[in-house]
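Here, each number is a calculation from the coordinates, and none is a lab measurement. In this text, all values refer to a predicted model and were calculated from it rather than measured experimentally. Ideal geometry is used to build each Cβ from the backbone, glycine not excepted, and the neighbour counts take in all protein chains shown.
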Amino acid sequence: MDRIILDIEQVNKLLSWRDKHKELVRQYKTIITEGEIYIIDNKRSMFFKVDDNYIDVDIPQSFKAKLEWVTEQQGYKILSSSIEDKQAVTDAMALYFAVTAYIYYFKPEIKTRQYSYRESIKQTKNSKQNYIKTVTVKGIIYTIGKININRKPPQRYIDAWNVRGHARHLYSGKVVYVKPYQKGKGTVTAKTYKIKS
């Protein structure tokens, strides 16, 4: 499950970004189907799960709710909630949509850390061999406020295109050839290649 960690200042920036860009927020596609939004300052978590047009929200010791996404113009409607206060559900959904839309539209900075630890292996009855094992952990960081928030969302100008064959370098070090294939749906526009001497 993915975890999104925020502080109150970042929450306020995200909500003001959402208020200025309501059309962008309504048009984004869900890229995280299950996760947790954790607010450091008040140590609160909001768990969410998205299935087709339904969103399940759970804020421990507060409420659980199930919502249905109706249309871009109408937004969502609350199907069930464990509390009567609809404003609390609306506020939680505002944060959810602001965070997930921001993640959809902006590219992250990927940081890598390496951790080393000692591990011993028993070779024979009386001897052990120690060696250092290194583990690499990748973290994805979205910076709020350092990005031009007036950027337009990505747009496709053609329905489908051909992808050339290429070598894919896997994390394990293995190199696999990817055959040419068609990406997208619809008719493919032919490309013209020019060779300059």
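At most 12 other Cβ atoms within 10 Å and a DSSP loop assignment: could you name the GluC sites (Glu not before Pro) in segment 1-105 that fit? Don't skip to the end; give the middle numbers.
Numbers: sites: GLU9, GLU23, GLU34, GLU36, GLU68, GLU72, GLU84; in loops: GLU72, GLU84.
Loop-located and lightly packed - GLU72, GLU84.
Filter the trypsin sites (Lys or Arg not before Pro) in segment 1-42 down to the DSSP loop ones having no more than 12 other Cβ atoms within 10 Å, then list what survives.
Details: sites: ARG3, LYS13, ARG18, LYS20, LYS22, ARG26, LYS29; in loops: LYS29.
Listed in order of number, the matching sites are LYS29.
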(message) Could you tell me the calculated FRET efficiency between TYR38 and ILE83, based on Cβ-Cβ distance and R0 = 25 angstrom, to the nearest 0.05?
(response) 0.75
